[in-house]
1. Do any residues in region 145-162 that are acidic (Asp, Glu) have Cβ atoms under 9 Å from those of residues that are assigned to a loop (DSSP other than H, G, I, E, B), where the two are at least six apart or on different chains, and which pairs are they?
2. Output the number of residues of region 24-53 satisfying the condition of being in contact (Cβ under 8 Å) with a residue 60 or more places away in the chain and either in contact with a helix residue (DSSP H, G or I) (Cβ under 9 Å, 6 or more places away or on another chain) or basic (Lys, Arg) (or both).
3. In region 1-32, which residue that is closer than 19 Å to residue 58 by Cα and open to solvent by less than 20 Å² (accessible area, probe 1.4 Å) is modelled with the lowest pLDDT?
4. Which residues, taken from region 40-69, are farther than 18 Å from residue 129 by Cα and surrounded by 13 or more Cβ atoms within 10 Å (Cβ to Cβ)?
5. Restricting to region 50-69, count the residues that are farther than 16 Å from residue 15 by Cα, among the small types (Gly, Ala, Ser) and part of a helix (DSSP H, G or I).
6. Which of the following residues is in a helix (DSSP H, G or I) and either modelled with pLDDT under 85 or open to solvent by less than 20 Å² (accessible area, probe 1.4 Å) (or both): 140, 171, 125, 162?
7. Mind listing whichever residues of region 37-49 are under 27 Å from residue 115 (Cβ atoms) and assigned to a helix (DSSP H, G or I)?
Amino acid sequence: IALSAVGFSFGVGGLLGAIAGFWGGRLEQIIMRLCDMVMSFPLFVLAMGIVAALGNSVFNIILATAIVNLPFYVRVARTEVNVRREAGFIEAARLSGNSDWRILLHHLIPNALPPMMVQASLNMGWAILNAAGLSFIGLGVSPPQAEWGILVAEGATYIISGEWWVALFPGAVLMLAVFTFNLLGDGLRDLIDPRRRT
């Protein structure tokens, strides 16, 4: 669920942000106001609303998680493209007869990928938590499908009777997965940013 949601929001959000940053104008205003509208809601509550409205299938959970992650990639890609669209190598590509789409796809988007990869690794942890949270409150995937949120929710009913480990181990693995992706994002940021290299 998390990989699909992050992959979808990475691709669509990156393309929309690159288009907004490259051409600007009214198109940029529309895209950025839509992103502001999505970000004005608490993200988990918005994901809950989307899944509750569409139904709790795996596809709808992926869609809800992707929609709430979309503005992050749009903003990063827009900023990176906006900074570089007047650079010397872009002017050289334009003078060589390259079309706007070719410049965007072959020169600008590849330069925007490193910070977007950092954002993706950080969003992976949040997407895992989002899917687990939806499953924990009953809006995620349905049993007998295995999902960490369902396992924690089912294990929570056994805590009173003393079987605490039923909820502990899925919760610990969930925590470890999120922690790992956060560390990966932190390491990628240090690797990409030359000022932070030691």
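1. 147/1; 147/140; 147/141; 154/143
2. Filtering region 24-53 down to residues in contact (Cβ under 8 Å) with a residue 60 or more places away in the chain leaves 43-44, 47-48, 51-52.
Cutting the leftovers down to either in contact with a helix residue (DSSP H, G or I) (Cβ under 9 Å, 6 or more places away or on another chain) or basic (Lys, Arg) (or both) gives us 43-44, 47-48, 51.
Final tally of qualifying residues: 5.
3. 2
4. We begin by selecting, within region 40-69, every residue farther than 18 Å from residue 129 by Cα; these are 40, 53-55.
Across region 40-69, the qualifying residue is only 54.
5. So the answer is 3.
6. Values: 140 fails: in a helix (DSSP H, G or I); 171 fails: either modelled with pLDDT under 85 or open to solvent by less than 20 Å² (accessible area, probe 1.4 Å) (or both); 162 fails: in a helix (DSSP H, G or I).
Of the residues listed, the single one that is in a helix (DSSP H, G or I) and either modelled with pLDDT under 85 or open to solvent by less than 20 Å² (accessible area, probe 1.4 Å) (or both) is 125.
7. If we filter region 37-49 for residues that are under 27 Å from residue 115 (Cβ atoms), which is where we start, we get 37-44, 46-47.
Of everything in region 37-49, those that are under 27 Å from residue 115 (Cβ atoms) and assigned to a helix (DSSP H, G or I) turn out to be 37, 38, 39, 43, 44, 46, 47.
The rows are residues; the columns are (1) open to solvent by 40 Å² or more (accessible area, probe 1.4 Å); (2) within 30 Å of residue 53 (Cβ to Cβ); (3) in a helix (DSSP H, G or I); (4) in contact with a helix residue (DSSP H, G or I) (Cβ under 8 Å, 6 or more places away or on another chain).
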{"position": "71", "(1), (2), (3), (4)": "no, yes, yes, yes"}
{"position": "75", "(1), (2), (3), (4)": "yes, yes, yes, yes"}
{"position": "86", "(1), (2), (3), (4)": "yes, no, no, no"}
{"position": "92", "(1), (2), (3), (4)": "yes, no, yes, no"}
{"position": "103", "(1), (2), (3), (4)": "no, no, yes, yes"}
{"position": "107", "(1), (2), (3), (4)": "yes, no, yes, yes"}
{"position": "119", "(1), (2), (3), (4)": "yes, yes, yes, yes"}
{"position": "131", "(1), (2), (3), (4)": "no, yes, yes, yes"}
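The values are calculated or read from the model by the stated rules, or taken from the named source; none is laboratory data. Predicted model only: the values in this text are computed from it and were never measured. Heads up, the Cβs are rebuilt from the backbone with ideal geometry, glycines too, and the neighbour counts pull from every protein chain shown. The accessibility values were calculated without ligands, DNA or RNA, using every heavy atom of the protein model including side chains. Shrake-Rupley method; radii C 1.70, N 1.55, O 1.52, S 1.80 Å.
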